[in-house]
Amino acid sequence: MRLRLSLMMFLEYFIWGAWYVTLGTWLGQQLHFSGEQIGVAAGTTALGAAISPFLVGLMADELFANQRLLAALHG
């Protein structure tokens, strides 16, 4: 169990590091977004992180088994 959880956490942060770090550069150079638009795109992740615990908590408590919901979200 410890190995599986460690692998899950590694993959979770690996994905964040793979796309979030280069998002601003890609938006600015390839898609020619302005600085404000890049900031809004980065800010949506913070907004989602603030709101999603309420929605996911509601779904985990009322609609689905906790372990199945977490497996789907990590997938």
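The values are calculated or read from the model by the stated rules, or taken from the named source; none is laboratory data. Nothing here was measured: the structure is a model prediction, and the numbers come from that model. Here the Cβ is made from the backbone with ideal geometry for all residues, glycine too, and neighbour counts use every protein chain on show. Surface areas here come from the heavy atoms of the whole protein model, side chains and all, with no ligands, DNA or RNA. Shrake-Rupley method; radii C 1.70, N 1.55, O 1.52, S 1.80 Å.
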| message | Given the criterion of a type in the set (Val, Ile, Thr) and outside the structural domain of LEU70 (by the TED database), identify the matching residue among ILE38, ILE15. | response | ILE15
| query | Out of all the residues in region 14-30, is one or more free of Cβ contacts under 8 Å to residues at least 60 places away in the same chain, open to solvent by 60 Å² or more (accessible area, probe 1.4 Å), at positive phi and over 17 Å from the mean Cα position of the chain (by Cα)? | reply | no
| remark: Reported set for region 61-75 where residues are more than 22 Å from LEU11 (Cα to Cα) and in a helix (DSSP H, G or I) is ASP61, GLU62
| task | Report the residue count in region 31-58 for those that are open to solvent by 50 Å² or more (accessible area, probe 1.4 Å), at pLDDT 90 or above and not polar (S, T, N, Q). | result | 9
